[in-house]
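Working notes, structure below.
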Amino acid sequence: MALLDVRSISKSFGAIRALHDVSFSVDAGEVVGLMGDNGAGKSTMVKLIAGNFPPSEGAIVVDGKACHFHRPIEARAEGIEVVYQELALADNLTAAENVFLGREIKKGFWPLRILDKQSMIRRAGELFDELKSETRPRDLVKKMSGGQRQAVAIARARLSNAKLVLMDEPTAAISVRQVAEVLELIRRLKSSGVSVMLISHRMPDVFTVCDRIVVLRRGSKVADKETAKTSPEQITGLITGAIREA
Amino acid sequence: MKLSAIQATEETHAAISDIVNIREQSALHRVMTSQAFWVAAALFALVVFMTWLEPTFGTADNVTNITRNFAPLAIMSLGMTVVIITGGIDLSVGSVMGLVAIVTGLLLTWHHSWYVAFAAGLLAGLACGAFNGFFVAYIGMPSFVVTLGMLSIARSLAVVLSGNQMLYQFGPDAPIVRAIGQAKWPLHPPTGWAPRWMPEFSSHFWVMVILALILGAIFIFTAWARHLYAIGSNENAARLTGVSVDWIKFQAYVFSALTASIASLLLLGYSGSAINAMGTGYELRVIAGTVIGGANLMGGYGTAFGAVIGSAFLEVIRNALLMAGIDSNWQGAFVGMFIVIAVLLGMQTSGTSLVATIREWIVWKRV
Ligand SMILES: Nc1ncnc2c1ncn2[C@@H]1O[C@H](COP(=O)(O)OP(=O)(O)OP(=O)(O)O)[C@@H](O)[C@H]1O
Ligand SMILES: [Mg+2]
């Protein structure tokens, strides 16, 4: 049984049809690439799965259970985490504080329940070690590289034992070295049994880490192929519309 | 499960001690590079200089005066700091003071006991805060607009309720009210034990100290404060991670109104009267103190210490100009200059030191 099953999803914003009858699935421990031109509906798909808004039609099934998310917290409760390049980190807090934001470890009794900073720093340090990332828990996120920021965001997902991590263009604005770092992080997630949905415009990234590639064009799915059985040329053709469907 | 956690801890033991080292350096580093630290240093230098220049400046009496004068502003700066950390602003604090004073004064005039009057005053103030918080947090209006509206509403209510009269016939509890506002500790002989050189600190000062310590502890130790900073630095992120953004922003405005109410009650007790003009223009002085103390108007940064130091700095400048015999009309120019300088430094360095900026500037010049 698939971990995530997206069934005939459509989404309209007023007159704009962002997604039309899209179905695909993600298995446990699988890395799926979601590709498409600007405005193809990729981010909309992520937001639907992450619970930012409900679909106009269709169903999202997680672990065999039909879900109707209205808020991100509800999706998170089902083990779905989202990693954005910039969006979800607070610059003025440290790496550890960001990892634990909204679910801080506390100690003591009410009304003197205070933060257990030592435990959070230790746990965050362990998560960064697991991810083999050179991110220090006490550093401010503001002063971090794009790769380190990704590590913080991914550590957040690891902390909650997410089953599926959605990554919307995590490699869009970072250096070559940092891209390699992020791809390595994705491999580590996969090897620990976590599924990943990677959205990217960068063909090499998708072909390095993804098991399968789903292509959207103008809100419809035009391809769903195993990476081994396709090529960057074919995918490019599908994205631009040079190849109609495959 | 537990065992593996312990093992993991042991394995990373060396790494942890590294981390602890890093922290000890960075804690000192952080203090040294904070704007509040440099303002405190400037304040200290100014005090030393003034005491040397004008011996009456350093007398116990003058210190009593200065600390009493800035305490209400510092108390409100604590509230303002919380709002500013969320990325908002509260322009209504001065008017809220006026309304609280009039509501309390009216009840006292009607011979209610002091605690009923104080409670009613506090409630009126909190209601203003709740109004601000509701429209900013839940309706999503800009804080500048909502609190500007409240600035006008609260002042107008104060004028209407007071019948544009000064209230001073406070009934049977008048002595208690005055005692609260005029209390001092420790006292000089014959009533007290304090040596002559020691200032008799006002109740205003002690309330400020207690509130600052409480807020400081909250900033350091609680998840609530973490959420506050997160909202200020990236509201969207805070929301996505499940922080109750609206509720916390609402609380920030209520807290700001609470501090304004407390300041108002202290001033009402001190003067033994209530006027509807109380606190006029205070919003700007409070914001100035908060900003000079290092709070970032863009949100995400501010400290309790900074709020107090910034307010103290403004008052000491005012007092120093007075003592130095400089025309009091120059005050505004000086205060304005310090606001601009402080924010300029805060912006350019965004949390790093003045020294670093100057160093960068010199390096850049050489190139
Ligand atoms: N909240 C919204 N309200 C109205 N229209 C929207 C909204 N969100 C997305 N759209 C529209 O839906 C379509 C798909 O947008 P989406 O952001 O999903 O594209 P994308 O594939 O992520 O593109 P990109 O590669 O540029 O990120 C676009 O036409 C966009 O204008
Ligand atoms: Mg997008």
Can you compute the label reach from B:S271? Point 7 Å from Cα along the Cβ direction, backbone N cut-off under 15 Å, restricted to region B:93-107. B:94-106
So how much accessible surface do B and A hide from each other in total, probe 1.4 Å, in square angstrom to the nearest 100? 2400 Å²
The rounded separation in angstrom of the Cα centers of region B:297-314 and region B:327-343 is 17 Å
Loop by DSSP (not H, G, I, E, B), at most 15 other beta-carbon atoms within 10 Å: where is the longest site-free stretch of chain A for GluC sites (Glu not before Pro)? A:135-244
Shielding score for A:65-72, defined as the mean number of other chain Cβ atoms within 10 Å: 1
Normalising by the residue count of chain B, find the relative contact order in percent from Cα pairs under 8 Å and 6+ residues apart. 31 percent
Where Lys and Arg each count +1 and Asp and Glu each count -1, what net charge lies around A:S160 among other residues with Cβ under 10 Å from its Cβ? +4
Coil-residue trypsin sites (Lys or Arg not before Pro) of region A:204-246, DSSP, other Cβ within 10 Å capped at 15: A:R218, A:R244
Most packed first (mean Cβ within 10 Å per residue), the peptides B:258-271, B:117-130, B:160-173 order as B:258-271, B:117-130, B:160-173
Summed residue charge, Cβ within 9 Å of B:Y138's Cβ, Lys/Arg positive, Asp/Glu negative: 0
Solvent-accessible heavy-atom area per residue, rounded to whole Å², over chain B at 1.4 Å: 48 Å²
Using Cα pairs under 8 angstrom and six or more residues apart, how large is the relative contact order of region B:33-119, in percent? 11 percent
For region B:236-281 versus region A:36-108, the gap between their alpha-carbon centres in whole angstrom: 34 Å
Mind checking the mean number of beta-carbon atoms from other chains within 10 Å of the Cβ atoms in A:101-108? 5
Round to a whole number: what % of the accessible area of region A:1-144 belongs to carbon and sulfur, probe 1.4 Å? 51 percent
On average, how much accessible surface per residue is there in chain A, in Å², for a 1.4 Å probe, leaving out ligands, DNA and RNA? 44 Å²
Given Cβ point charges of +1 (Lys, Arg) and -1 (Asp, Glu) and nothing else, what value in debye, to the nearest 20, does the dipole of chain B about its Cα centre take? 160 debye
Computing the accessible area with a 1.4 Å probe over protein heavy atoms, can you report the carbon and sulfur percentage for region B:36-366? 72 percent
How many Cβ atoms of partner chains, on average, are near each residue of A:133-141 if near means within 10 Å of its Cβ? 3
Accessible area in the full protein assembly, largest first, 1.4 Å probe, for B:W224, B:W52, B:W361: B:W52, B:W361, B:W224
With A:M1 itself left out, Lys, Arg at +1 and Asp, Glu at -1 over residues whose Cβ is under 10 Å from its Cβ give -3
With r defined as the distance between the Cβ atoms of A:A172 and B:H111 and R0 fixed at 60 Å, what FRET efficiency is calculated, to the nearest 0.05? 0.30
Assigning unit charges at the beta carbon (Lys, Arg +1; Asp, Glu -1) and nothing else, what dipole magnitude in debye, to the nearest 20, does the protein assembly as shown show about its Cα centre? 140 debye
Before rounding to the nearest 500, sum -39500 (n - 2.57) across all DSSP H runs of length at least 4 in chain A and divide by the residue total; then give [θ] at 222 nm in deg cm²/dmol. -9500 deg cm²/dmol
If N is the number of residues in region B:36-366, what value comes out of its Cα radius of gyration divided by 2.2 N^0.38 Å? 1.03
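The values are calculated or read from the model by the stated rules, or taken from the named source; none is laboratory data. All values reported here derive from a predicted model rather than from experimental measurement. Here the Cβ is made from the backbone with ideal geometry for all residues, glycine too, and neighbour counts use every protein chain on show. We work out accessible area using only protein heavy atoms, side chains counted, and drop any ligands, DNA or RNA first. Shrake-Rupley method; radii C 1.70, N 1.55, O 1.52, S 1.80 Å.
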